[in-house]
1. Ordered by packing density, taken as the mean number of other Cβ atoms within 10 Å over each peptide's residues, highest first, how do 31-38, 122-129, 11-18 rank?
2. Of 37/122; 32/73; 28/96; 32/122; 73/117, which sit over 21 Å apart, Cα to Cα?
3. Report, by chain and number, residues whose modeled amide H sits under 5 Å from the one on residue 140, excluding near sequence neighbours (fewer than 5 apart, same chain).
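Just so it is clear, none of the values below were taken in a lab; they were calculated from the coordinates. Note that this is a predicted model, so its numbers are computed, not measured. Here Cβ is always computed from backbone atoms with ideal geometry, including for glycine, and neighbour counts include all displayed protein chains.
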Amino acid sequence: MIPNLCFKLAIPEKIPPSMSKSINTWKKGASKRQFIKKCYDYLIPRHHGTLFNIIFRFPELYSNGVDKIWPRKGYLHCTTLNYLIRIMLVKSGLFKDSDIELKFTIIHGFIPHQYMKIWLSKNKFLYVDPWAYQLGIDFGERASGFNSSMRPVR
């Protein structure tokens, strides 16, 4: 995956069958917000973000292909986690890619960080920042500045 802090990677035509199955299961009877939460809740125990791995695992920013990223567990960069959620949202048919805005901030004074602003309707949006969960940032919030208190890695 190309470091994509400033632009959106294309949503792939084909996704792994297990990802497609999860999307179809989660969207049954779910509102847009509920569907986002199900995606978030699935990724949080599988993946985590940590400040030190941003630097030490920099080469992983160049990982390529959802078929290689989806089955992995452990650390993923914020851009990679956001890419997975974008894929799930768009492939669900509940969202268009234009409903998802990539936003940027600086955390801890010097670390660039990406989160998402997802439009649920014309006047209502939700911040989604799964990478920052380990920093104490809950669903519907986003990391920014120094607002964090490390949670233990799951």
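1. Put in order of decreasing packing, that is 31-38, 122-129, 11-18.
2. Beyond 21 Å: 32/73; 73/117.
3. Those qualifying (amide H under 5 Å, at least 5 residues apart or on another chain) are 129.
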